[in-house]
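Engineer: A single structure is presented below for examination.
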Amino acid sequence: MNNIISIGQEESKWTEEWRNISPETEIRMWDYYGGRQYITKYVPRFGKVLEAGCGVGRYVFYLSKLGIDIEGLDFAKETIDYLKEWQNKYGFNQKFIVGDVTNLPYEDNSVRGYISLGVVEHFIEGPQLPIKEALRVLEPGGIAIITTPSVSWNVFKNRTKKEIKTIIKKIIRYKKKDEVFFQYEYKPEKLKKFIEECGLNVTLAENCDLLYTFLEYHNFNEEKINEGSFAFWFANKFENTAFRALGAQTITISVKMAEKMYCFLCGELSAGKESLNKYTVPLCKDCQENKNSKFYLRGVLPKYAGRYIFNPPLKKPTKEICEFSGKEYLTDELFEDFGFTKKVSPELLMDKDNNVLLCNKFIQPIWRNRKLIK
């Protein structure tokens, strides 16, 4: 019988992976990996947020710019030490800690938001342990954003090839070799089942990221997805439609249920669980009258506000006029226009109502080839 060698949770593998990638590279590639429209929509604006398995911290840094109280955790000590030093270069002061996503160094009911992007699929025994830890540390009404790779065309193709090879090897009695496990791919319904079995209430489970589906299928040949290609047209035409079911990522939004929960829009412990019959996040009765509550109605999915900007040159800081306040501001050296179709000053991002509006209506998809960014 052949052995299975699991490398998905080897610290040395991820240390080496992150050693060759800088935070600048990951930040500036923007939507090379899709799903930002979901993450920015559902990340809590009140309370502490944890990214468990943060890698080089691209979302910790980005979301902190959007006014989110967020910190990062990863088991790769060398990477965390590097991030603590690197962030001084750009004036960040985010908290990064070394830790295990299956045994978080946080008290019960201590964080309002939990983000896990491409982490739980690397456990050969299944994703239950990190998901149960998310449930433990979340406050009542806390939001968990959990993503994994989905069964894309490329994954389906490779699985089919592997099954055919396995059948042929059995027929010819080929001597089995050790197999290497790196990750699973979960369709939305499968990941949802795991999460709900662990005790969280899944309010949204979807596929997304059509452009990456084509990139992956064409063996990461950028020419196959650039402007003028079928992939570029298809992704722009159908990312916001039911065709998102063909996307390369599975993304889920879950809530820690309780009789009384923290309201997503005001942050008070005032939302009843009945609000989740109508909304995807807990909302108190007063906030159900808030103009932004309509974005969180069941069936209202996150959407990109424009076409992909494909491989734009890096934008140097320039003076702009905020379209909301009319005041002049300097664009950000790293985050350019913060990934929105509207010009918005850093001060306006700190206003939670404006922030929610921007993240629901004005997300600009930007795609840069991560390998070309220095």
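Engineer: Label-point separation (nm) for Lys13 and Phe181, each offset 7 Å from Cα along Cα-to-Cβ?
Structural biologist: With each label placed 7 Å out from Cα toward Cβ, I get 1.1 nm.
Engineer: For a test of the definition: using alpha carbon positions, the gyration tensor, and the 1.5 limit on a/c, classify the stretch 306-369 as rounded, prolate or oblate.
Structural biologist: Note, shape of the stretch 306-369 comes out oblate.
Engineer: Once you've got the GNM for the chain with C-alpha springs shorter than 10 Å, pick whichever of Pro149, Pro313, Pro188 has the biggest mean-square fluctuation.
Structural biologist: Comparing Pro149, Pro313, Pro188 in a Gaussian network model of the chain, the most mobile one is Pro313.
Engineer: Turning to a different aspect of this structure: Can you tell me the length gained on complete extension of the stretch Ser229 to Tyr90, counting 0.36 nm per residue apart and subtracting the Cα distance?
Structural biologist: Contour length minus the Cα-Cα distance gives 46.4 nm.
Engineer: Here's another thing I want to ask about it. What FRET efficiency do you get for Ser325 and Ser110 if R0 is 30 Å and r is their Cβ-Cβ distance, rounded to the nearest 0.05?
Structural biologist: About 0.30, to the nearest 0.05.
Engineer: How much length would be gained if the chain were fully extended between Gln128 and Asn240, taking 0.36 nm per residue of separation minus their Cα-Cα distance, in nm to one decimal?
Structural biologist: Gain on stretching Gln128 to Asn240: 37.3 nm.
Engineer: Where the only charges are on Cβ atoms (+1 Lys, Arg; -1 Asp, Glu), what is the dipole of the chain about its Cα centre, to the nearest 20 debye?
Structural biologist: 1340
Engineer: Taking a quarter of the surface of the Cα convex hull of the stretch 42-101, what do you get in nm²?
Structural biologist: Dividing the Cα hull surface by four gives the mean projection, 3.9 nm².
Engineer: Okay, moving on. Using the beta-carbon distance between Val300 and Lys193 and R0 = 25 Å, what value does 1/(1 + (r/R0)^6) give for FRET efficiency, to the nearest 0.05?
Structural biologist: 0.60
Engineer: Further, regarding this structure: Principal axes first, then extents: for the Cα atoms of the stretch 175-299, list largest minus smallest coordinate on each axis, whole Å, largest first.
Structural biologist: Dimensions of the stretch 175-299 along the principal axes of its Cα atoms: 57, 46, 20 Å.
Engineer: Taking the Cα centre of the chain as the origin and placing charges on Cβ (Lys, Arg +1; Asp, Glu -1), which of Pro127, Met257, Leu349 is farthest toward the positive end of the dipole?
Structural biologist: After comparing all options, I get Pro127.
Engineer: Starting from the Cα of Ile5, step 7 Å along the direction of its Cβ; do the same at Glu289; then give the gap between the two resulting points in nm.
Structural biologist: A separation of 6.4 nm, rounded to one decimal place.
Engineer: So between Asp100 and Asn221, what do we pick up on full extension, going 0.36 nm a residue minus the alpha carbon distance?
Structural biologist: Between Asp100 and Asn221, full extension yields an extra 40.1 nm.
Engineer: Candidates (i) 33.0; (ii) 19.5; (iii) 17.0; which is the computed mean projected area of the Cα convex hull in nm²?
Structural biologist: Given (i) 33.0; (ii) 19.5; (iii) 17.0, the calculated one carries the label (ii).
None of the figures in this text is laboratory data; all of them are computed from the coordinates on show. Because the structure is a prediction, the values reported are computed rather than measured. With ideal geometry, Cβ positions are generated from the backbone for all residues, glycine too; neighbour counts draw on all protein chains shown.
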